[in-house]
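Data block below; observations after.
The values are calculated or read from the model by the stated rules, or taken from the named source; none is laboratory data. From a predicted model like this one, the values you see are computed outputs, not experimental measurements. Backbone-built Cβ (ideal geometry, glycine too); neighbour counts: all protein chains shown.
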Amino acid sequence: MSAHIQDLFDRSIKVTGGEANKPHGRFPSMRPILFVCFALFVFTMFSHTILARNSAAQGEDAVASYLVKETGRPDILQAKEIDKPLSPASLTKIMTCMLAIESGRMDEVVSIPLEATQVEPTKAGFKPGEHVRLRDLVRAAMVNSSNDAAFAIGIYLGGSIDSFVGTMNARARGLGMNHTWFTNPAGYDRGIYAGNRSTARDLMLLTERAVRYPEFNAIAKLDKVVFSELTTGKIYNLRTHNKLLDRYPYTVGIKTGYTSIAGPCLIARALRDGKDMLVIMLGARTDRWSLASAMFDSGFGIEPAKAVQFAESAPESFDKGVVAASAVPATRVLAERARTLKALKRKVDRQTKSAKVEEIRGISRRGRSVSKSSISSKDRVALKSRGKASQNRKMALKGGKKVKVRKEMVVKARQHSLKNKTVLKRAKKSAGGKVVALKSRNKTSQAVRTARKGSARRATAAVKKEKRSTGKKEVLSLSKKSHRSPNG
């Protein structure tokens, strides 16, 4: 560059206040403004992305798999990816608790093992060696989703976790849950328990089987459970995680679940106008309570305008700012729930009565024939045991009747014997005189016989004496004649 041109360039820099090789230095006061504008642009784009994701994560699209149907009917009302294997989280405990109920050992006392107390995160807080009834462990696992209770159930019934998991998988195959595989009784899906999988359809089969047991239904609808440890008397007060019990007046339980892999999961049941509706959700990355309520309303045929309304001034709920407080009066909710529970009890009684006949005849609830091979070996054993128990009761009843009849016969015999003894005594008293007279006559006759014998003896002796004397005379006469004979 020539000296002239270089001089012009230097003077231009001094006039503008810039620096050589730094053209942006001409606007030093614009740097903060540009930075703020850039930051606002980035923040705006990020906010729009988040809002777009949140808006997309609402409603049914935010659920990985769901199913809506009326129990006992073959038609599925709403469905999405119902055969996709996903992690069921704590919904696994339905199988665990159902096996405990089917064992018939609910009143037995369980000693809490050390392995059951080393689980996380949700647990009742049992200590090793504590004694709790199996029924209370089932209530803790179903209502509070206590993992330590689920592990204690598995170890007690199976002897070990691996053995009990084998029973769970065998029972699943017997129910037709062909896309289900359990690895633990609580619902863990990572670490050494990775691989726990099920589908919405399989969980529907499991739930429809579990609701046949009245005790399962009684536990599934509880919002809290209180029980005591049998040795120390320690009180356990556990509450449910199922917020649908407070939000939807027709619901009657059943189970919630959550892990970081599975996301929020839910199996809910509601009764209204004679309909028994079931909602199953897996991987619900949204407000599952509001979505389940909407699904129930749709299944019951309730119009949106007539659905349960929420107060506009209610505070934000715990999950993504969804309005939670219901404007429905508490008395109405309680009345609806009472009617619902009565209807449930009537339906369960009908199902319980018909279930035995259906299992024995091999007929499904839908009216389709089921081969005997489709009934699992455990079900057949249970049927046989129930048959044997019924036969034993009949035999015991017959034996009791026989014992009762035998006792009555003994009493009658004793009464008859007493009557005979009384008659005999009376006869003896009345015949006493006759006996005495008879004895006297016997004595008289005996004396007569004795006298007759004496006279006969005397007569015989006289005859013999007379014969002896006569014989001597004859002998003497003969001797005299021979003496006088001429030939002598």
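Data overview
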{"quantity": "G362 vs. criteria over 20 Å from the mean Cα position of the chain (by Cα), at pLDDT below 75 and surrounded by 12 or more Cβ atoms within 10 Å (Cβ to Cβ)", "calculated": "yes"}
{"quantity": "Residue within segment 90-111 that is buried (at least 20 other Cβ atoms within 10 Å of the Cβ) and in a loop (DSSP other than H, G, I, E, B) present", "calculated": "no"}
{"quantity": "Among the candidates L282, L278, L334, residue that is at pLDDT 95 or above, closer than 15 Å to V252 by Cβ and within 33 Å of the chain's Cα centre (by Cα)", "calculated": "L278"}
{"quantity": "Residues of segment 166-206 that turn out to be part of a helix (DSSP H, G or I), free of Cβ contacts under 8 Å to residues at least 40 places away in the same chain and surrounded by fewer than 20 Cβ atoms within 10 Å (Cβ to Cβ), as a count", "calculated": "6"}
{"quantity": "Every pair of residues 6+ apart whose Cβ atoms lie under 7 Å, when the first sits in segment 57-74 and is modelled with pLDDT under 90 while the second is β-branched (V, I, T)", "calculated": "A57/T286; Q58/T286; G59/T286"}
{"quantity": "Conditions (1) under 19 Å from V138 (Cα atoms); (2) among the aromatic types (F, W, Y); (3) surrounded by 21 or more Cβ atoms within 10 Å (Cβ to Cβ); number of the one not met by Y248", "calculated": "(1)"}
{"quantity": "Scan of segment 389-416 for residues that are of a type in the set (S, T, N, Q) and at pLDDT 80 or above, ordered by number", "calculated": "Q415"}
{"quantity": "Identity of the residue in segment 130-149, free of Cβ contacts under 8 Å to residues at least 60 places away in the same chain and small (G, A, S), that ends up farthest from K221 (Cα to Cα)", "calculated": "A149"}
{"quantity": "So K123, is it under 20 Å from G233 (Cα atoms) and part of a loop (DSSP other than H, G, I, E, B)", "calculated": "yes"}
{"quantity": "Within segment 224-238, tally of residues that are within 27 Å of R212 (Cβ to Cβ) and either among the charged types (D, E, K, R) or modelled with pLDDT under 95 (or both)", "calculated": "1"}
{"quantity": "Evaluation of T183 against (1) out of contact with any strand residue (DSSP E or B) (no Cβ under 8 Å at 6 or more places or on another chain); (2) modelled with pLDDT under 95; (3) not small (G, A, S) (one fails), failing number", "calculated": "(2)"}
{"quantity": "Check on R135, crowded, with 17+ Cβ neighbours inside 10 Å, farther than 26 Å from L238 by Cα and charged (D, E, K, R)", "calculated": "no"}
